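Engineer: Below are the structure tokens for one structure; questions will follow.
The values are calculated or read from the model by the stated rules, or taken from the named source; none is laboratory data. This one's a predicted model, so the numbers in the text were calculated from it and none came from an experiment. Note: areas computed on protein heavy atoms with side chains; ligands, DNA, RNA excluded. Shrake-Rupley method; radii C 1.70, N 1.55, O 1.52, S 1.80 Å.
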Amino acid sequence: MPHTDPTPSSSTDDTIDMRLRQEEDTAHLIDLDSTGPEADDRPDLLDHIAEWGAVKTSAGAFQLVPVRIGRDLRLIARWMNDPSVAAFWELDGPDETTASHLGGQLDGDGRSVPCLGVLDGVPMSYWEVYRADLDLLARHYPARPHDTGIHLLIGRVSDRGRGLGTTLLRAAADLVLEHRPSCTRVVAEPDLRNTPSVAAFLGAGFRFSAEVELPGKRAALMLRDRALRHVL
């Protein structure tokens with residue numbers, strides 16, 4: 001956490017717009033089409049996340065779907081304005097605040113990809129998958145080539161506090177290790193104050209490596225090693 005496939009359908013954006021107008025705790029399916037004009041011709045340094053597909057978990061089928069601002073902004077901005085999320089992400093405010101944060105990644109060089117976490121077709125979390133070895137984080141620990149970092153927030157209040165974060169963190173790390181053969185470990189740096197987040201990473205097979213002082217926070221450096229993937 002910072003400071004932490006079906007064919008395209010012309011009706012996708014309209015469908016998603018209708019979903020975004022619903023209350024947070026009402027489950028609505030999302031079209032898993034991850035293509036579209038916003039995704040064309042972007043640099044890719046993370047081995048085509050849009051093509052990774054879903055993984056089975058005890059909670060259902062989980063997939064990382066790259067964000068499309070026109071489809072997803074209002075949903076993500078609403079999550080960012082939840083006080084429990086804003087305390088650590090610091091992106092509360094008007095939609096433009098979230099749009100700027102997302103746009104900085106989408107218009108960048110491909111080293112960070114914002115994604116919706118979709119569980120059984122329902123968008124319920126926000127993720128950032130990024131090249132930790134190319135990030136400012138690499139100045140604060142002995143980074144290895146292709147280290148891959150993840151940030152996470154659980155958007156729906158009804159999904160928090162019941163161990164789901166641990167399940168999804170393990171699934172996301174498994175997706176990274178499966179689809180990025182050059183990556184030997186997955187990295188995370190949750191705020192040390194966010195003890196539920198640190199506990200979730202530990203439960204998901206990450207190990208605590210060090211405390212690191214980052215801009216705006218003191219973080220727990222968490223690592224999930226490929227070599228220990230089936231042990232922890």
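Engineer: Assuming a viscosity of 1.306 mPa s and a temperature of 10 °C, what translational diffusion coefficient in µm² per second does Stokes-Einstein assign to region 42-187, Rh being the Kirkwood radius over Cα pairs?
Structural biologist: In µm²/s, the coefficient is 102.
Engineer: Leaving out ligands, DNA and RNA but keeping every protein chain, what accessible area does residue 52 have, in Å² rounded to the nearest 10, with a 1.4 Å probe?
Structural biologist: Probe radius 1.4 Å; accessible area of residue 52 about 20 Å².
Engineer: I've got another one for you. Counting only protein heavy atoms and a 1.4 Å probe, tell me what percentage of region 52-127's accessible area is made up of carbon and sulfur.
Structural biologist: Answer for region 52-127 is 54 percent, counting heavy atoms of protein chains only.
Engineer: Now for a separate question. Just need the relative contact order of region 91-232 here, percent rounded to a whole number, with Cα pairs under 8 Å and 6+ apart.
Structural biologist: Contact order relative to length: 17 percent.
Engineer: Explain nothing, just compute: Karplus ³J(HN,Hα) = 6.51 cos²θ - 1.76 cosθ + 1.60, θ = phi - 60°, for every residue of region 207-222 in order, whole Hz, x for Gly and Pro.
Structural biologist: 10, 6, 9, 5, 8, 10, 8, 10, x, x, 6, 9, 10, 9, 7, 10
Engineer: Something else: Suppose the chain between residue 92 and residue 211 were pulled fully straight at 0.36 nm per residue; how much longer would it get relative to their current alpha carbon spacing?
Structural biologist: So the extension gain works out to 40.2 nm.
Engineer: Tell me the Rg and the Dmax, in Å, that the Cα atoms of region 77-127 produce.
Structural biologist: Cα radius of gyration and Dmax of region 77-127 are 11.7, 31 Å respectively.
Engineer: Report Rg (one decimal) and Dmax (nearest whole number) for region 135-232, counting Cα atoms only, units Å.
Structural biologist: Values for region 135-232 (Cα only, Rg and Dmax): 13.1, 38 Å.
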